[in-house]
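Written below as structure tokens is the structure these notes are about.
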Amino acid sequence: MNTIQVLFFFLSVLAIFSAIMVLVSKNPVHSVLWLITVFFAISGHYILLNAQFLAIVNLIVYAGAIMVLFLFVIMLMNLNADTAPRKNLWMKLAGVISGGCFLMVLVSLVRQTVELTGKTVMMKEGNIGLIRNLGKALFTDFVIPFEISSVLFLSAMVGAVVIGKKD
Amino acid sequence: MPIQYYIYFCLALFSIGIIGVLTRKNAIIVFMCVELMLNAVNLLLVAFSKMHHGAALAGNPATTVGIDGQLFVFFIMVVAAAEVSVGLAIIVMMYRNTHSVDINFLNRLKN
């Protein structure tokens, strides 16, 4: 077992454990902090795959901006845990069972797929994840979607202000 | 690293997100689980892009096959950022109207 495999399994276990802790935490602030741990683990996976630009963007956008936005909203609302209503245990059980069925069906599907056998992911090599190549592709082939996304951001900004405004 | 490991890992993360959406009542946690599912898909896209790049690299050392997957992840992140801002504004407005973020109070559009 070499270093990459050890890192892969460590990051996977960390991400799955943190994701479960997101679900079972009573306090929403703790959920946000566990979700930040998940995002750090996924950024570690990106670094293992030599997708350096996406690793940094994941940290900045998700762990930096989006999670801080979640924290702001949670702290703005002043939620306390005892105001949460009684939860239906059967509904919870049904949700877990249906999610487990989904996981089971897809795992068995992947296990049977012939096209995926013997395919390996190239780790820590390859230069398509570097910002030089990604930027070149982004501003030549993907320049129209890039410009359209700026319009999307403008509309999201206007929409957030209009929705959040007190009228 | 075989591609199956990445698929199983991302499926586990995605299923945890689905279970969270189905079981939790807090609207903010439901929203966070949606983000978790988006991240699982992002990681899988990057893994598949590296898989195709590694396969194509043997024939042509200067190829950029598979760069589309990583740009797709970039655009998913862009859309997710816009979606989160609007969604959190909606949750704040809902809290202002009902003084709760419980999604059970949202079962009707009227009032």
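Would you point out which residue out of A:Ile131, A:Ile60, A:Ile74 is among the hydrophobic types (A, V, I, L, M, F, W, C) and more than 10 Å from chain B (Cβ to nearest Cβ)?
A:Ile131
Hey, among the residues in the stretch A:97-130 that are hydrophobic (A, V, I, L, M, F, W, C) and closer than 20 Å to B:Pro61 by Cβ, which one's surrounded by the most Cβ atoms within 10 Å (Cβ to Cβ)?
Ranking the qualifying residues of the stretch A:97-130, first place goes to A:Ile128.
Let's see how each residue does on (1) touching a strand residue (DSSP E or B) at 6+ places or on another chain (Cβ under 8 Å); (2) outside the structural domain of A:Val38 (by TED's automatic domain parsing); (3) in contact (Cβ under 8 Å) with a residue 12 or more places away in the chain; (4) not charged (D, E, K, R):
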position	(1), (2), (3), (4)
A:Val57	no, no, no, yes
A:Tyr62	no, no, yes, yes
A:Met77	no, no, no, yes
A:Thr140	no, yes, no, yes
A:Pro145	no, yes, no, yes
A:Ser149	no, yes, no, yes
A:Ile163	no, yes, no, yes
A:Lys166	no, yes, no, no
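Could you list, in sequence order, all residues of the stretch A:106-136 that are among the small types (Gly, Ala, Ser) and touching a Phe, Trp or Tyr at 6+ places or on another chain (Cβ under 7 Å)?
A:Gly129, the sole residue that qualifies.
Could you list all residues from the stretch B:33-67 that are of a type in the set (A, V, I, L, M), at pLDDT below 85 and either within 17 Å of the chain's Cα centre (by Cα) or in a loop (DSSP other than H, G, I, E, B) (or both)?
B:Ala58, B:Ala62, B:Val65
The values are calculated or read from the model by the stated rules, or taken from the named source; none is laboratory data. Keep in mind that this is a model prediction, so the values were computed, not measured. We place every Cβ from the backbone using ideal geometry, glycine too, and count neighbours over all the protein chains shown.
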